[in-house]
1. Of everything in the range 106-119, what is part of a strand (DSSP E or B) and within 19 Å of Leu216 (Cβ to Cβ)? Give them in sequence order.
2. It is to be established whether one or more residues within the range 32-45 are modelled with pLDDT of 95 or more, within 19 Å of the chain's Cα centre (by Cα) and on the phi > 0 side of the Ramachandran plot.
3. Within the range 121-141, track down each residue that is of a type in the set (D, E, K, R) and buried (at least 20 other Cβ atoms within 10 Å of the Cβ).
4. Quick check on my filter: what residues within the range 32-47 are under 12 Å from Leu16 (Cβ atoms) and in contact with a Pro (Cβ under 7 Å, 6 or more places away or on another chain)?
5. Determine if the range 82-97 includes at least one residue that is under 27 Å from Leu164 (Cβ atoms), without any contact (Cβ under 8 Å) to a residue 60 or more places away in the chain and in contact with a strand residue (DSSP E or B) (Cβ under 8 Å, 6 or more places away or on another chain).
6. Which number in (1) at pLDDT below 95; (2) within 15 Å of the chain's Cα centre (by Cα) marks the one condition that Pro84 misses?
7. For the range 49-61, state whether one or more residues are closer than 19 Å to Glu24 by Cα, surrounded by fewer than 21 Cβ atoms within 10 Å (Cβ to Cβ) and modelled with pLDDT under 95.
8. Quick one: in the range 187-212, which of the residues that are among the polar types (S, T, N, Q) and surrounded by 19 or more Cβ atoms within 10 Å (Cβ to Cβ) is nearest to the chain's Cα centre (by Cα)?
Amino acid sequence: MAFFQDMVSIFKKRDLPFIERVQEAEGVYTFRFEKPQEVAWKAGQHGLFTITHQKIKDHTRPFTIASAPVENVVQMTMKISNHPSEFKKAMLSLQKGDTIKLAGPVGSFYLQTDSPVVLVAGGIGITPFRSILKQIEIEAKGAHPPIHLMYLDSNKSYLFQDELDQLACKTAVQVTYLHERNHLNKELDKLISSSTDSQFFVAGPKDMVGAVTAYLQKQQVPKRNIKKDVLIGY
């Protein structure tokens with residue numbers, strides 16, 4: 001059913017009027033757009049964004065929607081190097097009133113469990129979890145299963161850290177910041193030993209997601225308990 005819903009959603013394209021650009025860290029930018037009334041998504045899903053204010057070759061790219069569904073904006077966050085792609089150059093050139101198009105949102109990377117949850121983010125992989133945790137904070141409906149966010153960033157830039165810290169104070173979500181892979185593995189060992197039915201959500205670059213997934217399986221975490229979101233082109 002979810003597959004067919006995604007197929008229907010992907011053909012619906014809406015205009016997103018540009019609001020503002022915010023620099024989160026060196027080489028990392030958040031772009032905010034007005035949220036059309038008919039646009040809805042599950043926290044953690046991604047959309048297909050198309051450049052329309054300029055003519056470029058590769059004009060459509062997938063990005064996680066980093067804002068929560070209950071927020072009034074569509075937000076996407078991306079890395080932009082000193083030699084950006086045409087798509088990212090076009091994003092930097094957006095002026096208030098320009099629009100891009102959104103198809104979707106799609107994907108199954110969202111919470112749908114009553115079991116304890118471990119979220120593992122690598123660098124820019126924090127974007128889907130920012131949406132998921134913000135949704136939990138704003139809804140504040142009853143008790144959620146235990147949620148632990150493990151945020152691995154070798155540069156220690158930790159995007160959205162202020163928001164995450166405030167969220168941890170307001171909810172039962174635990175946040176752990178890490179900058180070395182072996183420290184992450186040790187923390188995962190503790191969580192695996194404390195609960196045999198935890199669900200693991202892993203998001204980040206391909207190599208990081210692959211390594212964490214392999215480690216979890218080595219520790220006898222069933223494949224069905226691991227969800228992956230490999231972020232390409234961020």
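1. Step one: of the range 106-119, the residues part of a strand (DSSP E or B) are 106, 117-119.
Val117, Val118, Leu119, listed by residue number.
2. Scanning the range 32-45 turns up at least one residue that is modelled with pLDDT of 95 or more, within 19 Å of the chain's Cα centre (by Cα) and on the phi > 0 side of the Ramachandran plot.
3. Of the range 121-141, the ones of a type in the set (D, E, K, R) are 130, 134, 137, 139, 141.
Selection gives Arg130, Lys134.
4. Residues satisfying the conditions are Phe33, Glu34, Gly47.
5. Yes, the range 82-97 contains at least one residue that is under 27 Å from Leu164 (Cβ atoms), without any contact (Cβ under 8 Å) to a residue 60 or more places away in the chain and in contact with a strand residue (DSSP E or B) (Cβ under 8 Å, 6 or more places away or on another chain).
6. Going through (1) at pLDDT below 95; (2) within 15 Å of the chain's Cα centre (by Cα) one by one, Pro84 breaks only (2).
7. The first filter runs over the range 49-61 and keeps only residues closer than 19 Å to Glu24 by Cα, leaving none.
Checked the range 49-61: no residue is closer than 19 Å to Glu24 by Cα, surrounded by fewer than 21 Cβ atoms within 10 Å (Cβ to Cβ) and modelled with pLDDT under 95.
8. Step one: filter the range 187-212 for residues among the polar types (S, T, N, Q), giving 193-196, 198-199.
Checking which are surrounded by 19 or more Cβ atoms within 10 Å (Cβ to Cβ) leaves us with 198-199.
Values: Ser198: 20, Gln199: 17 Å.
Ranking the candidates gives Gln199 first.
The values are calculated or read from the model by the stated rules, or taken from the named source; none is laboratory data. Everything numeric in this text was worked out from a predicted model, so none of it was measured. Methodologically, a virtual Cβ is constructed for each residue, glycine included, from the backbone with ideal geometry; neighbour enumeration extends over all protein chains shown.
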